[in-house]
Every structure is written in C-alpha cells, then in structure tokens.
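The values are calculated or read from the model by the stated rules, or taken from the named source; none is laboratory data. Note that the structure is a prediction, hence the values are computed from the model and not measured. Every residue, glycine among them, receives a Cβ derived from its backbone with ideal geometry; neighbour counts consider all protein chains shown. For the accessible areas, the whole protein counts, side chains as well, though only heavy atoms, and no ligand, DNA or RNA atoms are used. Shrake-Rupley method; radii C 1.70, N 1.55, O 1.52, S 1.80 Å.
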Amino acid sequence: MFNESSSGDSSEIAALKAKYKAEREKRLTAERAVPLQLTGSLARYLDDPYSRPKQRSPLASDSEVVIVGAGLGGLMIAAELKRRGVEDVRLIDAAGDVGGVWYWNRYPGARCDIDALVYLPYLEEIGTKPTEKYAKASEILGHAQAIAKQFGLYDKALLQTSVTGASWDHMERRWEVTTDRGDQLRSRFLVLANGPLQKLKLPAVPGLDSFTGAAFHTSRWDYEYTGGTSDTELSKLTDKVVGVLGTGATAIQCIPPLARSAKQLYVFQRTPSTVAPRNNKPIDQRWLASLPAGWQEERRQNFTASIFGPRPAVDLVNDGWTDLFRALGAAEVDSAEHDPVPLDDGHIGPEEAPARKEAADFRRMEAIRARIDDIIDDPDTASSLKPYYAYLCKRPGFSDEYLQAFNRPNVTLIDTNGRGVGEIRSDGIVIEGRLIQLDCIVFATGFETGTSYTHRIGFDVIGRAGNRLSEKWANGISSLHGMMTSEFPNLLVQPGLSAQSTETPNLVHTMLENARHMSYIISEVRRHAEIFELADWAEKEWVELIIEKAPDDTEFLRSCTPGRKNIEGDPESRPLGDRNYGGGPLALYEELRSWRARGDLRGLDLR
C-alpha cells in the first residue's frame, strides 16, 4: 500500500481513494445523529457532580458589562477589560466555578493536546508554571481559578446560574438578562462567551433511558461510582464491566485509565480516530524560569506560524502539531481556512500543490495505520482501529497509551463497522442481536456542534425592535469580525467554530486575540458614546469578504467521513457565510489590529 517509499502512482492513490469512499459511505447509511433534548429523565445527565448546590436569593443589579460564560474565553475578555480600566464586570456561568470546559472535563486522563506554554493564557502575569508539556486538567482548572483571583473576577461572578433570556431595552439603553435563579440583571454591554463546546451530546440510541446501571457523560464524571480522581486510579472499578461509547479525543484519554482499573472494558467504535505519538514530558523548570520577558507571546505566535505559515526559522514548540504540517507540506489546519501554502523551497507551482498535498496526506495516514500494526497484537483489532479518511477530516489525536490499552486481556474493541450502537437495554448494549452486559456506560460522545447558536447557548437574544438572534441567524451568520451583528446594540459574541472568524488547533490564541478586540471596542465606546450599533453596510461587507476569500472546500468535505467539520457528511447544508476568514489566523489577527489602529471604530454607529 501507499507509504514513504511509494512513488505515489495513480493506482496506489486510486485504491486508497476507493477505500476512503467505501468507509465514508458505510457511515452515511447510518442514521444521522440528532441531538437529544436532555429534558425529563435525561436531565440527570446535566447534573453537576463536582459542586454542591448553593442557595441564594435572586439578585437585581446594574453592571457595566455582563459576560455569559466563565471559561477561558470569558475570563480573558474580563481580564482584558480590567486592564483597560473597566472594573464593573460580571461573569455568569452554570458551572460551580470558573474554567468552562475545564471545569466540566475532569474525566480520568484529561489534559490539553496543545503545548501548555502556548495554550494557557497569562502564564507570565499569573506566575503559573505547568509541570508537563501537555498540562493535566487539574492544573488547567487551577490556572483558570488563578486568573479569576488575579483580576478580581470572583467578587461579582454568578456561578451555578444559567441565563434564560436577554433583551435590549431601547428606552433605558440597557440589556436585561434573566436567569434560572430569578435574577433581573441589567448591563450596558452584553458579551456572549459561552464557548463552542459547552452543550453535551448523547447519542439518539433506542432504549437510552432504560439502562439501570451507572451511566454518565465524560463531562460529568461520576467519581462516587468509579473511585479515584482525574489523576489517580479508579479504585472502585475492579469488579465492574464498563462500556465506553466513542473513540474520539475524549475517549483516547479516558480509555487507558479505565483499562487499567476495570474488570472488563468494552469500547464501542463507530469511526476510528487518528492517533499519533504524544511524547509528553516534564517541563524543565529551570529552563522555564530563565526565559526572557515576553517569551509566551513569542512562543504562541511561533506555534501558529509553524502551522499556518510563513514558517519561522526555528520551531519553538516542535511537537506533533508542527511536525504534522511539516509532513503535509502545506500550512493549514482546516481546509475551510485558506488556500494551502507550501512550506518547502517554494518551487512547487499552484498546479502541482493539490496533488503534492494529497500524496503527503496519504503518506501520513499510512504511517498512522502502520503504527497501529506495530503496536496492536491482534490483527483483527488492529484492522478495526485503522482510520481511512484524509488526515484533516477530523481533529488529529495524540496518545502514548490509547492503542496500547487494546493489548490488555480485559479490553475488547466492539467495532460497529460505521453503524453505531443499535440499542441499549436495562442490562447492557445490543450489537447485531448480541447483548453485552454492562455495569456502567460511559458516554464519550462529545458536545453539540452544527446546531443553531441560540440552541447551543440555551436562550434567545432579543435586540432592537424585538429582533431575535435565532431568526436573524437562522440561515447563516452575519457579523463584523464574527463578534458584532446589526440590530443588536452593545452586543459582542465570542465567535465559535466556522463563525466568520478563524479556527486554529490552539483555540485559546484566537480567543485571546478576540478578547483584546472586544475589550478595545467596549473601552472606546465608553469614552465616546452611550451605545454602538453595527451598520448594515459593514456587516454586509464582512460577510461578502468571508465568502470571497474562503476557498471552495466542499469537494474535500464531501470526501470526508461524517463528522463535525462536514455537518455529518452534508457539507452542502452549510450556509456560504458560515466559514472562516480565508487568509488564515495570523492574517485575521493583523486585520483586527489594523482595524483598531485606525481609531475610528469603522462600521460602528455611535450614539
């Protein structure tokens, strides 16, 4: 088959393309997953196992800025506002503490898959010193808490509180925000920083609610049942038979500790992930302490440039991500981002680049599959774990333990051959008429993507003259910079994935750039006016720019196995404007800086 020494002739490539197509079509025949409404008896999956409910009286208050969401995105927006002298900032979050996805994702083995020194914001300012290249979830949550303390964000935070609605009062020129605690909150500015991965997803499997054993989603890990912590062994599973649904990024991390702890572990797979070496290692603390001031900003920019280009002379991070894009020979993380930019000597012409990139992708995937053969003892298991799709169809995975777990005698892979789980019964899961009895089911099924924005955040936003954001964005996003939308005064939105902004492996980099932009806008409006509203022409201009600069990636997405990036195999259903800035992240960041440098808040009407 195709490998590093292959010539890449047409017959080898044609054979792999045929295999990719066949694997994709298997999964297209499966019933498309429809997000379940987690109401009624299913609402228990949303319960917070990490914090006890705290009673309080409803609050009536008026703030300068209300930020919905206290994850890293919301924390950075609040911190940047504080830096600009905006003190009256209130955070609201359903979680029992700050941290967002890192509050919820405490499953065993959880850690970031991006170099901690570029992923964790404000390391120099806060003084946090990550102990490993890929920081554990507990360290990341601790750092989020340190940010909140450093910038005084706990004082006015409303935690264990969900927003139920937000509407603009034109007469008072204030946002009115209601919550499930009965709060009546008013604010001059409203910022939505709910995050792209915050509404957990369960599979629409018949009988889901009939299982009588323990069952929970990975973002609500039940340590009362399993024992242990995210960093220690699961001591209560030694006599338990556990089933895990999912083999994505979360499963790659939680399956190894489950394999070490459970009496028997069954892993139910619909689509295998790519799994390259992680090569995690301790961080040399003496080296870290010796770095000159400004090291983190330099390292962060270097990492993004090493992936998207222009490639720097020295790769400061030098990990699986930067190695990946060197191997692919093109500076792009997502085909929706921008045209490929060769990273070699620059002598490849535009006609040759697509074929060269495709051949590099095939070689990379063959190396991923060869690694599986090298590690897995059982040939059938190895065959089932091999992914057959283009590397960038899904977010790449990295682990030094995941594949090895399948060599354990107590671990069994149940490959559903693309169809997914057929039925759940009171005592287990049924696959092709065979009942696999289980004591516990762990849903490693991720978070909702592709559904409407207001559905994911859990409430609608009502702007001027009663306009609803759900209706305005029903047929696609319309914004300036992915952050402001006309008819909604003094509203800013932290862009999600494929939301007229940009998407990078290091999502925190983009969120930080956006936080700087939003804090600038709020501080400038406060200096010159009472409110801002986005002009229709500016919104139209930005949407047209997004559509004009975005390459047509439909053919690539159509070739991918169903997943988040291609709307579960239906990329044509994506609105034209629901794409990212075509110049790539560094170009977008420069666009935002240039817009601020003009000093005229171009496109905003101040009143």
Taking the reciprocal of mean 1/r across every pair of different Cα atoms in segment 218-297, the Kirkwood radius in Å is 15.3
How would you classify segment 420-554 from its alpha-carbon gyration tensor, with a ≥ b ≥ c the square roots of the eigenvalues: rounded for a/c under 1.5, else prolate if a/b is greater than b/c, otherwise oblate? prolate
Quick check on segment 94-164: take the gyration tensor over C-alpha atoms, sort the square-rooted eigenvalues as a ≥ b ≥ c, and tell me if it's rounded (a/c under 1.5), prolate or oblate. oblate
Please report the antiparallel percentage of the DSSP beta bridges confined to the chain, to the nearest 5. 40
Using a 4.7 Å cut-off between beta carbons, which cysteines in the chain end up with no partner cysteine at all? Cys112, Cys254, Cys440
If the cut-off is 18 Å between C-alpha atoms, which aspartates and glutamates fall inside it for Lys472, apart from same-chain ones fewer than 8 positions away? Asp460, Glu487, Glu533, Asp536, Glu539, Glu541, Glu544, Asp578
Dipole in debye (nearest 20) - segment 156-204, about Cα centre, beta carbon charges: Lys, Arg +1; Asp, Glu -1: 180
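What is the chain's relative contact order, in percent, from Cα pairs under 8 angstrom and six or more apart in sequence?
It comes to 20 percent, rounded to a whole number.
Sort Asp377, Asp460 by heavy-atom solvent-accessible area, probe 1.4 angstrom, most to least. List each step's numbers first, then the result.
Details: Asp377 115, Asp460 35 Å².
Ranked from most to least accessible, the order is Asp377, Asp460.
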Starting from the alpha-carbon convex hull of segment 500-607, give the projected area averaged over all orientations, in nm². 7.7
Net charge dipole size for the chain [Lys, Arg +1 and Asp, Glu -1 on Cβ; Debye, nearest 20]: 1200
Value of relative contact order over segment 104-210, rounded to a whole percent, pairs C-alpha under 8 Å and six or more apart: 14
Using helices alone, what [θ] at 222 nm do you get for the chain, with -39,500 (n - 2.57) per DSSP H run of 4 or more residues, divided over all residues and rounded to the nearest 500? -10000 deg cm²/dmol
Using the Karplus curve 6.51 cos²θ - 1.76 cosθ + 1.60 with θ = phi - 60°, work out ³J(HN,Hα) for each residue of segment 40-52 in order, rounded to whole Hz, and write x for Gly and Pro. x, 5, 6, 5, 5, 5, 8, 4, 8, x, 9, 9, 6
So which lysines can Lys357 reach, going by Cα to Cα under 23 Å and dropping same-chain residues fewer than 8 places off? Lys17, Lys19, Lys21, Lys386, Lys394, Lys549, Lys565
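Return the ratio Rg/(2.2 N^0.38 Å) for segment 61-102, where Rg is computed over Cα atoms only.
1.12
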Over 11 Å apart: what share of the alpha carbon pairs of segment 526-569 falls there, rounded to a whole percent? 74
Rounded, prolate or oblate: which fits segment 132-259 when a ≥ b ≥ c are the square roots of the eigenvalues of the alpha-carbon gyration tensor, with rounded for a/c under 1.5 and prolate only if a/b beats b/c? prolate
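Please report the equivalent ellipsoid semi-axes of segment 246-293, computed as sqrt(5 x eigenvalue) of the Cα gyration tensor, largest first, in whole Å. Write down the numbers at each step before the final one.
Working: eigenvalues 235, 43, 11 Å².
The equivalent ellipsoid of segment 246-293 has semi-axes of 34, 15, 8 Å.
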The aspartates and glutamates whose Cα lies under 15 Å from the Cα of Lys201, excluding any fewer than 8 residues away in the same chain, are Asp47, Asp209, Glu448, Glu568
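What relative contact order, as a whole-number percentage, does segment 493-600 give when Cα pairs under 8 Å and 6 or more residues apart are counted? If you can, show how the numbers build up before the last one.
Details: 81 pairs, mean separation 40.9, N = 108.
Normalised by residue count, the contact order of segment 493-600 is 38 percent.
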Looking at the chain from every direction and averaging, what is the projected area of its Cα convex hull in nm²? 27.1
